[in-house]
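Read the structure below first, then the notes.
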Ligand SMILES: [Zn+2]
């Protein structure tokens, strides 16, 4: 930040559209997800608004919207809410109106307490949370407009924050936490690149301490969290330059150009359009029974930030571990199941998960919940290592083998003789042979290069296929090498 | 001379086709012969000038689907021959108001903007009728998008004439339906009622028309006018036929979230029960027309046509003779607000429902050069829509604009609640009146002459003054013929009842019909059949 007269802060509000991951669209039986489908292949009379059709609400949409609302700590989920028509003309809006919610929407209020990496917490208020249908897609090509109706009727939740965010980093953090929450709740896949999470940012600046709101610009068409951060950062800098040059900020709509990484003015903000909202007569009011609502709230899983805090408190994990282990819901559940199966040893479970299980997941491209290596497998491997039935390196090898085949690790160890070589006689025999076969190294060791002991241990491990207990091996080797000096 | 097959009732046709004593194809041939005899030149989009011979023919059909009908009739006959159940409406000729989508058949809504639209799917009530063995002869004329009470606003002209006097209107918007049924071109027609669009033409054409409870019949496939008011329903020559048809089309539908999950009773089963002890009300508010003067806004009052009032009172006496209890002076104080509230609510919904006709995806598109997308919209809609849709869009846009919405739309919705309350109080089982039905005239006048009222949208709308309150309230109503006026034009009365009381209304209507079966006027035939 430049040291001008007073310190300047950014004021940012985010308008998000969340595509719910239901099986079918919001008002018809077409698949909700058309990713990769050819244009206009996932449509029907209802979602293309042919004359005479009627919308029929998809209960799964209401379920997921309610779950999201509950997780956003809304002040109220209305027992009676209404759909409304938002009327406007556009070629990709086949009915000439969008079915949305306007007055008496699904939920009122809400907030997200956003932890920042520096340890501070930003309280972000939600000012709008409602259900609506998506419109189609217009592609401009060679002076022609091509329209794809596949996206028509895809269920969305529109969620708008108050102008509570104060930097591009906070905006990015908000989206990271929102995406985490959407996946956690299984309401949306939250993939910005696929348009499952869309974000417009309203940006203005003001001197720190000034409580009013200055004219804002709206940034549209940004399709990744990194780009949201970059676009907001650029816009804040631009606004600062404008103000420093004595110019006023005008209420433009800006478009992010991904290729050049720049913002382009789309249009000056016109006067507010009149959408002539009125309640949708083709749909009954959405009635939510008090008992059903209470059950939905009760069924809400522990949320990621709550779970992180509990992991720290309950298992004594470092914040770093707790953060990573609660990044995704099945991972956190995996951890807890493994700790339970192991009967404690949370830090050891955490270490193995953060180092080895996560690598396995990355290699296979799956979530923890989809691993063949189940939490009880991990626990039993850890137990065998801790009880010195197998070596650590055998344990690590086992992770991959169980993941590949799904067999029980104890059975594998027994069947393939992977148990640790603890027979003193056998170990001694291998050690002695290695000492005899390597007179050069022995001489160097005896002349004082004692670090060579590691090399000798490694040789034994190789000969035994990693089954020797490294500490025991070292003791035996030291004994043999020492004995030789006397001879 | 024996009765032509096409003049038989639907109940009789279906009964005889089902027992093998009559073939559906014979009935179809008879209906086609009638159509050829009475239709006159087919309505079209061509520039139109009323010719003398147009005043003696019906012009009910926009689209005749003879081949489809032939295939359906044969399928029914094959089913009977194979010992299979051909359905409750086996072989009954059906005309569908051209506001319903029927797969593979033009669905025009009586508008140039949809003249070339062929629906890829079939409306639920039509699908149910066809599944029950009805034989669909085609799509019948209507006011453009159902916007009117005379059929003169259709883009397909000549507009239908009233079979009792083709120089007069058949009423509307289900005018083609009522005319085709009255002239014996079909036994049944599927109509829609938004402000009286089934009952008013039924009254004008001397047939039976029923507007069911809102939600009783699915709207899926009905090209929407005012979604919160539109009700599909039967048009028939007899009460029993209307009951038979309603039983087929009524019931919940997975394609319509507003279709009620209320069991469908056997409407025919209880039809012959007597009316002893039933309480039937008369309201002074339905014997006069109160309406705000279109210029000054001053409330004016005028009695309904005396002949019609007399007809209503003598119908009440006929029912009283059968043991019904007549309850006089039932107040329905908000009746006069029905039309103004309807003007607002229906236009707001209509303007929105008509948004989709933009010349882009289907239907009429302006063929000349256009500068941009907006111009394409404007030119297509300007050339595609007739006068009525344009008026209604303008008014709908106006009263739903942010700055007027509270003063008009929200207020009209409150008026609607008041009208609903009138009915609730009249029908309240623990109330002062405890009515089973309210008996009123269907229309303030009998059928008027072509061009007499058309052009005055406000005056035209008052043809619906007595019918629109039931649409606001969502309650069912049935119009039935009770005689002819001095000009030999049919007079209709209506019975209005509480939600889902269709069976009771049909029972009362049937009692009246039974008692007056031998009256002289029943032998009279529409003029087009006497030529
Ligand atoms: Zn669809």
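In segment A:347-432, counting only helices (runs of 4 or more DSSP H) that sit wholly within it, none holds 2 or more residues that are in the same structural domain as residue A:469 (by TED's automatic domain parsing) and in contact with a strand residue (DSSP E or B) (Cβ under 6 Å, 6 or more places away or on another chain).
If I ask for residues that are surrounded by 14 or more Cβ atoms within 10 Å (Cβ to Cβ) and within 15 Å of residue A:183 (Cα to Cα), which ones from segment A:355-370 would you list? Once the filter is applied, which keeps residues that are surrounded by 14 or more Cβ atoms within 10 Å (Cβ to Cβ) and within 15 Å of residue A:183 (Cα to Cα), segment A:355-370 yields A:366, A:367, A:368. In this structure, residue A:479 qualifies as more than 33 Å from the chain's Cα centre (by Cα), in a helix (DSSP H, G or I) and loosely packed, with under 14 Cβ neighbours inside 10 Å.
Being surrounded by fewer than 15 Cβ atoms within 10 Å (Cβ to Cβ), in contact (Cβ under 8 Å) with a residue 40 or more places away in the chain and over 22 Å from residue B:108 (Cα atoms) is a property that does not hold for residue B:402.
Considering A:37, A:10, A:29, the condition of being away from the ligand (no atom under 11 Å from the Cβ), surrounded by fewer than 17 Cβ atoms within 10 Å (Cβ to Cβ) and either assigned by TED's automatic domain parsing to the domain that holds residue A:87 or under 25 Å from the mean Cα position of the chain (by Cα) (or both) is satisfied by A:37 alone. Only one of the numbered conditions (1) farther than 24 Å from residue A:303 by Cα; (2) without any contact (Cβ under 8 Å) to a residue 40 or more places away in the chain; (3) under 25 Å from the mean Cα position of the chain (by Cα) is not met by residue A:398, and that is (3).
Of all residues in segment B:350-409, those satisfying the criterion of being part of a loop (DSSP other than H, G, I, E, B), at the interface with another protein chain (Cβ under 9 Å from one of its Cβ atoms) and either within 25 Å of residue B:151 (Cβ to Cβ) or in contact with a strand residue (DSSP E or B) (Cβ under 9 Å, 6 or more places away or on another chain) (or both) are B:357, B:360, B:361, B:362, B:363, B:405.
Among the residues of segment A:122-131, are any assigned to a loop (DSSP other than H, G, I, E, B), more than 16 Å from the ligand (Cβ to nearest atom), farther than 30 Å from residue B:145 by Cβ and assigned by TED's automatic domain parsing to the domain that holds residue A:187? No, segment A:122-131 contains no residue that is assigned to a loop (DSSP other than H, G, I, E, B), more than 16 Å from the ligand (Cβ to nearest atom), farther than 30 Å from residue B:145 by Cβ and assigned by TED's automatic domain parsing to the domain that holds residue A:187.
This table checks each residue for (1) touching a residue at least 12 places away in the same chain (Cβ under 8 Å); (2) surrounded by fewer than 24 Cβ atoms within 10 Å (Cβ to Cβ); (3) not in a loop (DSSP other than H, G, I, E, B).
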{"position": "B:120", "(1), (2), (3)": "yes, yes, no"}
{"position": "B:130", "(1), (2), (3)": "yes, yes, yes"}
{"position": "B:142", "(1), (2), (3)": "yes, no, no"}
{"position": "B:149", "(1), (2), (3)": "yes, no, no"}
{"position": "B:172", "(1), (2), (3)": "yes, no, no"}
{"position": "B:186", "(1), (2), (3)": "yes, no, no"}
{"position": "B:189", "(1), (2), (3)": "yes, no, yes"}
{"position": "B:192", "(1), (2), (3)": "yes, no, yes"}
{"position": "B:201", "(1), (2), (3)": "yes, no, yes"}
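Annotation note: of B:337, B:278, B:319, B:268, the sole residue that is closer than 30 Å to residue B:389 by Cβ, surrounded by 14 or more Cβ atoms within 10 Å (Cβ to Cβ) and either more than 14 Å from chain A (Cβ to nearest Cβ) or free of Cβ contacts under 8 Å to residues at least 60 places away in the same chain (or both) is B:337.
Exactly one residue out of B:94, B:64, B:50 is at pLDDT below 95 and more than 14 Å from chain A (Cβ to nearest Cβ), and it is B:50. In segment B:473-493, the condition of being closer than 30 Å to residue B:40 by Cβ, assigned to a helix (DSSP H, G or I), without any contact (Cβ under 8 Å) to a residue 60 or more places away in the chain and out of contact with any strand residue (DSSP E or B) (no Cβ under 7 Å at 6 or more places or on another chain) is met by no residue. Residue A:89 meets the conditions (1) in contact (Cβ under 8 Å) with a residue 12 or more places away in the chain; (2) over 24 Å from the mean Cα position of the chain (by Cα); (3) away from the ligand (no atom under 13 Å from the Cβ) in every case but one. The failed one is (1). Could you tell me whether any residue of segment A:169-179 is within 16 Å of the ligand (Cβ to nearest atom), touching a strand residue (DSSP E or B) at 6+ places or on another chain (Cβ under 7 Å) and more than 14 Å from every other protein chain (Cβ to nearest Cβ)? No, segment A:169-179 contains no residue that is within 16 Å of the ligand (Cβ to nearest atom), touching a strand residue (DSSP E or B) at 6+ places or on another chain (Cβ under 7 Å) and more than 14 Å from every other protein chain (Cβ to nearest Cβ).
Tell me which residues, restricted to segment A:259-293, are at pLDDT below 95 and surrounded by fewer than 14 Cβ atoms within 10 Å (Cβ to Cβ). Scanning segment A:259-293 gives A:259, A:260, A:261, A:262, A:264, A:265, A:267, A:268, A:270, A:271, A:272, A:273.
Tell me which residues, restricted to segment A:13-26, are within 16 Å of the ligand (Cβ to nearest atom) and in a strand (DSSP E or B). Result: A:19, A:24. Please work out which residue is farthest from residue A:98 (Cα to Cα), limiting yourself to segment A:138-152 and to residues that are within 14 Å of chain B (Cβ to nearest Cβ) and outside any strand (DSSP E or B). Only one residue tops the list, namely A:143. Of the residues making up segment A:32-44, not a single one is outside any loop (DSSP other than H, G, I, E, B) and under 27 Å from residue A:281 (Cα atoms). In summary, residue A:61 fulfils each of the numbered conditions (1) more than 14 Å from the ligand (Cβ to nearest atom); (2) closer than 30 Å to residue A:298 by Cβ; (3) out of contact with any helix residue (DSSP H, G or I) (no Cβ under 9 Å at 6 or more places or on another chain) with the single exception of condition (1). Residue by residue through segment B:194-216, note down the ones that are within 14 Å of chain A (Cβ to nearest Cβ) and closer than 15 Å to residue B:99 by Cα. Hit for segment B:194-216 is B:194, nothing else.
The values are calculated or read from the model by the stated rules, or taken from the named source; none is laboratory data. Bear in mind the structure is a predicted one, so any value in this text is a computation, not a measurement. Please note: Cβ atoms are built from the backbone with ideal geometry, for glycine as well, and neighbour counts cover all protein chains shown.
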